[in-house]
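> Questions regarding the structure given below will be posed in turn.
The values are calculated or read from the model by the stated rules, or taken from the named source; none is laboratory data. Given the structure is predicted, the values throughout are model-derived calculations rather than measurements. So basically every Cβ, Gly included, is an ideal-geometry build from the backbone, and we count neighbours across all protein chains shown. Surface areas here come from the heavy atoms of the whole protein model, side chains and all, with no ligands, DNA or RNA. Shrake-Rupley method; radii C 1.70, N 1.55, O 1.52, S 1.80 Å.
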Amino acid sequence: MLGIMLATCFSVGATEHSQHWGYEGQESPENWGKLSPDFALCETGKNQSPVNIQGALKTHHSKPVLVFEQGKQQIINNGHTIQINVSEGNTLRLDDDTFALQQFHFHAPSENEIDGKQFPLEGHFVYKDKEGSLAVLALMFNEGKANPQLTKAWQQMPAKVNQAAILTQPVDINALLPENVGVYRFSGSLTTPPCSEGVIWMVLEQPVSASAEQIRQFRSVLQHANNRPVQPLNGRVIIN
């Protein structure tokens, strides 16, 4: 997640997996803040993610400008999610700052909600700028037609933890995203330990589709839900 170079990205899955947290039992989200002093923000933070998006304030702000290059991609099962690490050339331009895409991964069911609606699947595209600041672009999936871009990834989805593979057919991220890149935007955190805050969140307003079978396939590989429950807004304003 934190390295721009492909090789650096590829090493991250193992590092994340070495952290002792999870989604069930004593390691479940409600206990994250007690598992390690490094995870304290998971319990004490006031700008935590995910959130239920409602009452968004209409503003005139610039939309994210996204550029994608069809480079090399590696898919990995890190025990917490299915993650796809990417090579350089995928950028997000926002508020005169440029962020580079590090990886994207999935949660089922969705972590964020829109007007109280939870979606069966959510994708998170994790970006970082030169100063190390993070931005996450979130994509919701409704159950419907099979998604051809997910098919490319899922056909090589590793069944075992720490298994990885280079995708023979890289995901065309531009084709995966909706035509309308209008977003709900708010300040939040990582949705996994250490729950670091100061993350720019952009949740795409328009969902895309994934088939019931694609959703089932993802969940059967992970063998558990991998969503953190929604967190209090604590006065934060969501804009769109």
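> From the P(r) of the stretch 108-174, could you give the percentage of C-alpha pairs in the tail past 15 Å?
67
> For the stretch 101-240, what is the accessible area per residue in Å² when the probe is 1.4 Å?
Using a 1.4 Å probe on heavy atoms only, each residue of the stretch 101-240 averages 39 Å².
> Per residue, how much space in cubic angstrom lies within the convex hull of the C-alpha atoms of the stretch 122-240?
Convex hull volume per residue, Cα atoms: 143 Å³.
> Given contacts defined as C-alpha pairs under 8 Å and at least six residues apart, what's the relative contact order of the stretch 88-229, whole-number percent?
26
> Keeping the other protein chains in place, figure out the carbon and sulfur percent of the accessible area of the chain, with a 1.4 Å probe.
That fraction is 51 percent.
> Once the piece of chain linking HIS20 and SER196 is laid out straight, how much longer is it, given 0.36 nm per residue of separation minus the C-alpha distance between them?
Contour length minus Cα-Cα distance gives 61.7 nm.
> Here is a follow-up. Please compute the contact order of the stretch 27-85 in relative form: average sequence separation of alpha-carbon pairs under 8 Å and at least six residues apart, divided by the residue count, as a percent.
15
> Run the Debye formula on the Cα coordinates of the stretch 36-176, all scatterers equal and no solvent, and tell me log10 I(q)/I(0) at q = 0.20 1/Å.
So the normalised log intensities are -1.46.
> What value, in deg cm²/dmol to 500, does the helix sum -39500 (n - 2.57) over DSSP H runs of n ≥ 4 give at 222 nm once divided by the residues of the chain?
Using -39500 (n - 2.57) per qualifying helix, the result is -4000 deg cm²/dmol.
> Oh, and also: Please compute the alpha carbon radius of gyration of the stretch 56-106, then divide it by the globular-protein estimate 2.2 N^0.38 Å. Two decimals is fine.
1.44
> Next question. What order, most packed first, do the peptides 89-100, 192-203, 56-67 have when packing is the mean number of other Cβ atoms within 10 Å of each residue?
Listed from highest to lowest mean packing, they are 192-203, 89-100, 56-67.
> Here are labelled values, (i) -0.42, -1.65; (ii) -0.58, -1.37; (iii) -0.48, -1.41, and one is the computed log10 I(q)/I(0) by the Debye sum over Cα atoms at q = 0.10, 0.18 Å⁻¹ for what I pasted. Which one?
Answer by label: (i).
> Can you find, among ALA165, SER133, GLN26, the residue sitting farthest towards the positive end of the charge dipole of the chain, where Lys and Arg contribute +1 and Asp and Glu -1 at Cβ?
ALA165
> Still on this structure: Of PHE106, GLN155, GLY45, whose Cα points farthest to the positive end of the dipole of the chain (charges on the beta-carbon: +1 Lys, Arg; -1 Asp, Glu; origin at the Cα centre)?
Result: GLN155, furthest along the dipole toward the positive end.
> A further question on this structure: Below 8 Å between Cα atoms, with a sequence gap of 6+, how large is the relative contact order for the chain in percent?
About 26 percent, as a whole number.
> Report the semi-axes of the equivalent ellipsoid for the stretch 33-86 in whole Å, largest first, where each axis is √(5λ) for an eigenvalue λ of the Cα gyration tensor.
Equivalent-ellipsoid dimensions as semi-axes: 28, 26, 10 Å.
> For the stretch 80-135, what does the convex hull of the Cα positions come to per residue, in cubic angstrom?
Per residue, the Cα convex hull of the stretch 80-135 comes to 99 Å³.
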